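Below: one structure, written as structure tokens.
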Amino acid sequence: MKTRVREFRTAAGLTQQQLADLVHVSARTIISIEKEQYSPSLMLAYRMAEVFGVSVEELCCLRENRELEDRKYEDL
């Protein structure tokens, strides 16, 4: 799942470890989210959105991800 975690994290001047500490996960989890290898749970997405002062929808590119998923179903 595409997110804007890296963009918001770097804009906030945080390292991956600092963000991980703020949201109670490992730095590896943040790295995996940023590489689109792991989709955050709703609670983790909420915690990160709160840190950055944005909505979960904005952080997780809800519109874009929904459109990508809808296209997959159209092809079935």
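Here are some notes:
- Exposure ranking of MET1, MET48 by accessible area [1.4 Å probe, largest first]: MET1, MET48
- Per-residue ellipticity at 222 nm computed for the chain from its helices equals -18500 deg cm²/dmol, with DSSP H segments shorter than 4 residues left out and the rest contributing -39,500 (n - 2.57).
- Helix 42-52 axis, angle to the chain major axis (alpha carbon atoms, nearest 10°): 60 degrees
- Which of LYS35, LYS2 is most accessible, then next, and so on - probe 1.4 Å: LYS35, LYS2
- Were the residues from GLU50 through LEU22 laid out at 0.36 nm apart, the gain over their Cα-Cα distance would be 9.1 nm.
- Average silhouette area of the chain, convex hull of alpha-carbon atoms, in square nanometres: 4.9 nm²
- Computed with a 1.4 Å probe on the full set of protein chains, the accessible area for ARG71 sits at about 120 Å².
- Per residue accessible area in Å² of the chain, where ligands, DNA and RNA are left out and the probe is 1.4 Å: 69 Å²
The values are calculated or read from the model by the stated rules, or taken from the named source; none is laboratory data. In this text, all values refer to a predicted model and were calculated from it rather than measured experimentally. Heads up: the accessible areas ignore ligands, DNA and RNA and are worked out on the full protein's heavy atoms, side chains in. Shrake-Rupley method; radii C 1.70, N 1.55, O 1.52, S 1.80 Å.
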